[in-house]
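Written out below as structure tokens is the structure these notes cover.
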Amino acid sequence: MSHIIVNANRSAGVINKNIYGHFSEHLGRCIYGGLANEDGSLRTDVVAALKELHVPVLRWPGGCFADTYHWQDGIGPKDQRKTIVNTNWGGVTEDNSFGTHEFMALCRELGCEPYISGNVGSGTVQEFSDWVEYCNMPGRSPMADLRRKNGQEAPFNVRYWGIGNETWGGGGNMRPEFYADVCRQYSSFIRSYDAACKPCKIACGASEDDYHWTRAVVESAWRTIDAISLHYYTIPGDNWGVKGSATDFDQNTFYHTLHRTLWMDELIENHSRIIRRFAKGKDIGLVVDEWGTWYDVEPGTNPGFLYQQNTMRDALVAAVNLNIFNNHCDTVVMANIAQMVNVLQAMVLTDGDKLLLTPTYHVFRMYRDHQGAAQLETYAVTTLVGTAEEPVPDLHVSASRSADGTLLVTAANLSADEARPVDVLLSGLKAAGVKAEVLTGAPAAHNTFATPDTVAPVPLDARLTDTGFAATLPPCSVAAFRAAVN
Ligand code: AHR
């Protein structure tokens, strides 16, 4: 029997709902054919499926695309919008029929907040500043009047603004010291037009363990920013060369993938420590605005479209990352999985007018009630599975208590082939009832358009004990326990 201890007497704080955020880029079929139709109108079936996830925040328009995007190309009558080339992703034609207004309509439908990643790489300070004015100015002004001319009277009230994307790479190939100055300059012109919508300025942060970047940016720009980002992808292959297949992998690769994912914990710890040390006492949050698995594209698909399948392995990757973010809710204020539809670790895949829900989608649905709940300290008594070189713990867990008194414990069994009977011991809480569900399957199990329900959550037999509750987690599984506690 394995043990999970939930300690109600210690909490890292409230889990910011934005940890359950998403990312949508003009890349492959994420926007056109995914979230929207070819004419930029919303795809209602996809939006309806995503509503179940209670998406809190959505990042757009990139990614790399953001640093070539000129927002004024995407407003006004559609037949007059400029057609451009998406030079980052497949060299395809972008007719800008999905622009600012369409993105805001999507956010409205999803009930989420918009997070705009502004163009620093090839744009100007004026262009960025105009976009903020266009979105947020309630009264009369050149940009607010232009918004009205385009049919939107009330401001969009966009709070989250990203100051460039990967400016250390495709977003300008800048040195951190140079970017810090650029960030200070841009940030000065991201104005607040309404006290109720104070912009949250998110500096472009590091890739993986580039701690020098975080230090240099925070040390110089801390006064002008509210948060800084981090990008870390789980890539099982040799990083940017061969990344490995999404569905065809052996057990060693399965464990290697989980081992790579677990690194997120150390990255957050180290970046957060640096932020705290160099932010001169200012509360600067960490925004993990790109994370998820990245494999070779599905055979026969456009290499520039980053379309990949999604298996139980991805479900475990999602569960581990979300547990890590929950447990670091004192510093992680937002996270955005890459990406929402048809790109990388997606929630939904589409094929013409068909759609399927991925195992990752189900994990986000099972975890959604962690949003805004108080994190509780957990301790899992684990044994190591995996390989001798890359061991991973068999159990990975997080817990929270929501305002209505419901305890949510989410636990993943990372063993590929062994079930785990678990005893969940509650310290400082008494459970009056428990219900559980589980997502499980072989590591490579996935949904296809012909068999869309191969991987789907099912009820899990859980029973109350004197000290909490108990259940058996099947191999390669993600479980969610909901208990009424007092
Ligand atoms: O998510 C795909 C790409 O990965 C993004 O455009 C970029 O920011 C990152 O390198």
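Here are the numbers:
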{"read-out": "Pairs where the first residue, in the range 17-45, is among the hydroxyl-bearing types (Ser, Thr, Tyr) and the second is in a strand (DSSP E or B) and away from the ligand (no atom under 13 Å from the Cβ), C-beta under 8 Å, 6+ apart", "value": "Tyr20/Ala335; Ser24/Leu58"}
{"read-out": "Criterion: out of contact with any Asp or Glu (no Cβ under 9 Å at 6 or more places or on another chain), surrounded by fewer than 18 Cβ atoms within 10 Å (Cβ to Cβ) and assigned by TED's automatic domain parsing to the domain that holds Thr124 - qualifying residue of Glu52, Glu102", "value": "Glu52"}
{"read-out": "Some residue of the range 354-363 being polar (S, T, N, Q) and more than 24 Å from Asn252 (Cβ to Cβ)", "value": "no"}
{"read-out": "Hits in the range 144-157 - residues which are more than 17 Å from Cys197 (Cα to Cα) and either in contact with a strand residue (DSSP E or B) (Cβ under 6 Å, 6 or more places away or on another chain) or assigned to a helix (DSSP H, G or I) (or both)", "value": "Asp145, Leu146, Arg147, Arg148, Lys149"}
{"read-out": "The range 59-114, subset polar (S, T, N, Q) and away from the ligand (no atom under 16 Å from the Cβ), residue farthest from Val158 (Cα to Cα)", "value": "Thr93"}
{"read-out": "Members of the range 145-190 that are among the charged types (D, E, K, R), under 23 Å from Glu102 (Cβ atoms) and buried (at least 21 other Cβ atoms within 10 Å of the Cβ)", "value": "Arg147"}
{"read-out": "Total residues in the range 115-137, condition out of contact with any helix residue (DSSP H, G or I) (no Cβ under 7 Å at 6 or more places or on another chain) and part of a loop (DSSP other than H, G, I, E, B)", "value": "2"}
{"read-out": "Pair list, Cβ < 8 Å and 6+ apart or interchain, from the range 66-90 residues that are more than 28 Å from Asp145 (Cβ to Cβ) to residues that are in a helix (DSSP H, G or I) and not polar (S, T, N, Q)", "value": "Asn86/Phe65; Asn88/Cys64; Asn88/Phe65; Trp89/Cys64; Trp89/Phe65"}
{"read-out": "Flag if Gly13 is away from the ligand (no atom under 16 Å from the Cβ) and in contact with a Cys (Cβ under 6 Å, 6 or more places away or on another chain)", "value": "yes"}
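Rundown of residues vs (1) more than 20 Å from Ala479 (Cα to Cα); (2) aliphatic (A, V, I, L, M); (3) more than 17 Å from the chain's Cα centre (by Cα), yes/no style:
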{"residue": "Val288", "(1), (2), (3)": "yes, yes, no"}
{"residue": "Val297", "(1), (2), (3)": "yes, yes, yes"}
{"residue": "Asn310", "(1), (2), (3)": "no, no, no"}
{"residue": "Met334", "(1), (2), (3)": "yes, yes, no"}
{"residue": "Leu344", "(1), (2), (3)": "yes, yes, no"}
{"residue": "Leu349", "(1), (2), (3)": "yes, yes, no"}
{"residue": "Tyr361", "(1), (2), (3)": "no, no, no"}
{"residue": "Met366", "(1), (2), (3)": "no, yes, no"}
{"residue": "Gln371", "(1), (2), (3)": "no, no, no"}
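The values are calculated or read from the model by the stated rules, or taken from the named source; none is laboratory data. Keep in mind the model is a prediction, meaning the values are calculated, not measured. When we count neighbours, we look across all protein chains shown, and the Cβ atoms used for this are built from the backbone with ideal geometry, even at glycine.
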